[in-house]
Amino acid sequence: MISVYRILDANLNRATEGLRTIEEFARFVLEDGELSGRLKAFRHSLAEASNRIDRGMLLQSRDTQGDVGTAQTTASEFHRPTMASVVVAASQRVQQSLRCLEEYGKVVDPEFASAIESLRYQSYDLLATVDLKVLAHDEPLSKLKRPACSHAQLYLLVDCQMPLESFIENLKAVSSAGADWIQIRDKHCDTRQVIEYGQAALAAIDSRKTQILINDRLDIAMAIGAAGVHLGQEDMPITQARRIAPPSMWIGVSTHSLEQAIQAEAEGADYIGCGPTFPSTTKSFDQYKGTEWLSSVSQKIKIPSFAIGGINTENVDVVAQAGIRRVAVSGAIWKAADPATSTRQIREKL
C-alpha cells in the first residue's frame, strides 16, 4: 500500500506544479486575469480533493532519494525553445498526473478517485482554453519562436558510423573549433540509431555554441528536440512541414537551381543549401553547379545560403569569392585525421 501513496504523492505534486506553471503564464505573459483566476480555482479544487487522502501517509511514503525515476532524464526535458512550449509541456503533465491520481486513487478512496475524474474532465476544457489563448498570442511572441540563424557560417554534416563515444568526442572537438551547426545525416542507419546519436549529440554540445539538426526526418528532429530539420527536394514540402513542426524549429532545404532556391525562400525556408558545388566524397551527382550560380544566389536570395558539395580547405576561398560566405561541409572535416584542425582552417578562411 505504501507504493500507492508514493504514486499519489508524486502525481499530486506534479499536477500542482504544472498548474502553477500554466497559471504564471496566464498571469504574467497573457496578463489574463480571468484565465489566471480559473487556473487558481482549479488548483485549489485539486487541493481540496487531496484532503481526502491521509497527509501523514503521503509524507511517510515520500522517498526522493530512493526514487529511481529521478535519475532518468532525456535531452528534450531541458530544451524549451519558447515560453509557449513550457505551457504545452505543463499541460501534458497535468493531464497525465490527473489520470494517475484517478486510477491509483481507486485503491485508497473511491470518492477521491471520483472527484479527480470530475477534475480531469474539467481540465480538458480549461487547458484547451489555455492552448487557444497561447495560439492567439502567438504573433506577439514571434520573436521568441524561431531564433535567427543568420550568424551561422560553418555547417557540418556527420554520419553515425563511428562508435558513439568517438562520435561524441569528435562533436565536442569540432564544436569548440567553430562548427556552428551539426546535421546528423545517415541514410544507412535505422531510426533508433539516429535517435540515439541525436540525443547523445544534444547532451554533449553546448547549444550556445552549436546547434544540432536532423536530415530528412522531421519526426526524429521533433522527438529529440533538435534545433532544425533539413529537407531535400524529394522530402516533405516546407508548407506541410511547417504545419507539424514546432514554431521554434528551423527548416532548411536543399536546392540545385536558382528556381528551386527562389521557391524555397518563398515557401518559408529558414535557410537553403546550394549545390552540389564540386565533386564530393560523400555523395555523387550527374553534374556539378560550380561557383557561377552561387553568385546568382548571393544576389537574389535573402535568407542564409550555404554552399555544399565537395567543399574543403583548398576551395573554400573560391566559394567565398563567389559571394557565399557560408558552407556546409562533410568529408573534409568529418573524415579528416584531425577534424578540429580542419574545422578551424575552414572557419578562418570564412
Filter region 113-129 for residues that are over 19 Å from Ser36 (Cα atoms) and either buried (at least 20 other Cβ atoms within 10 Å of the Cβ) or among the aliphatic types (A, V, I, L, M) (or both) and give the result. Ala113, Ala115, Ile116
Quick check on my filter: what residues within region 181-213 are surrounded by fewer than 16 Cβ atoms within 10 Å (Cβ to Cβ) and small (Gly, Ala, Ser)? Ala203, Ser207
What residue, among those in region 1-53 that are among the aromatic types (Phe, Trp, Tyr) and under 19 Å from Cys100 (Cα atoms), is farthest from the chain's Cα centre (by Cα)? Tyr5
Boolean, Thr239 is polar (S, T, N, Q), assigned by TED's automatic domain parsing to the domain that holds Leu154 and not in a helix (DSSP H, G or I): no
Residue by residue through region 172-204, note down the ones that are of a type in the set (Lys, Arg), modelled with pLDDT of 95 or more and farther than 16 Å from Leu218 by Cβ. Lys172
Residue selected from region 309-350 under the condition of a type in the set (Ser, Thr, Tyr) and modelled with pLDDT of 95 or more, by the criterion nearest to Ala179 (Cα to Cα): Thr343
Filtering region 54-74 down to residues that are among the hydrophobic types (A, V, I, L, M, F, W, C) and modelled with pLDDT under 80, which residue is nearest to the chain's Cα centre (by Cα)? Ala71
From (1) over 19 Å from the mean Cα position of the chain (by Cα); (2) at pLDDT below 85; (3) closer than 18 Å to Ala90 by Cα, pick out the condition that doesn't hold for Glu139. (3)
Positions within region 75-91 being at pLDDT below 75 and assigned to a helix (DSSP H, G or I), in sequence order: Ala75, Ser76, Glu77, Phe78
Counting just the residues of region 240-264 that are surrounded by fewer than 21 Cβ atoms within 10 Å (Cβ to Cβ) and either touching an Asp or Glu at 6+ places or on another chain (Cβ under 6 Å) or charged (D, E, K, R) (or both), which one comes out modelled with the lowest pLDDT? Arg243
Could you run through region 303-350 and say how many residues are in a helix (DSSP H, G or I) and small (Gly, Ala, Ser)? 5
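The values are calculated or read from the model by the stated rules, or taken from the named source; none is laboratory data. Please read all numbers here as calculations on a predicted model, not as lab measurements. When we count neighbours, we look across all protein chains shown, and the Cβ atoms used for this are built from the backbone with ideal geometry, even at glycine.
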